[in-house]
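Participant: Have a look at this one before I ask anything.
The values are calculated or read from the model by the stated rules, or taken from the named source; none is laboratory data. Because the structure is a prediction, the values reported are computed rather than measured. Cβ placement follows ideal geometry from the backbone for every residue including glycine, while neighbour counts extend to all protein chains displayed.
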Amino acid sequence: MITISEDALALIEEKQSPLFIDIPHAVSGCCFDITDCPSISFGEPVKLADYTKQTLQNATVYVPRCFPQDGSHVIRTRSFFGFKRLVLSGWRLI
């Protein structure tokens, strides 16, 4: 389940753009499997066939078809030197 925090909703409304979650990158070794936390970008993904379009809290979000259905994920904002960006909380590496 994916939810969006209030501060992230405000940023999305300000940008007036859909957003998409990148396809998670998996790294496998002989005895481990790690999946990096995907980034979040404004706009539409290049390969729309790899995504499902969802409306979450009145925001259009393109979610990868391979996105895990278990767990609770929250889209939040992070600020770095005054620049705001969207991040995904609740991601499990393993």
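Participant: Would you mind stating whether I34 is at negative phi and touching a helix residue (DSSP H, G or I) at 6+ places or on another chain (Cβ under 8 Å)?
Facilitator: no
Participant: Just one of K53, K84 is touching a helix residue (DSSP H, G or I) at 6+ places or on another chain (Cβ under 7 Å) and either at pLDDT below 95 or among the charged types (D, E, K, R) (or both); which is it?
Facilitator: K84 is the lone residue from the list that is touching a helix residue (DSSP H, G or I) at 6+ places or on another chain (Cβ under 7 Å) and either at pLDDT below 95 or among the charged types (D, E, K, R) (or both).
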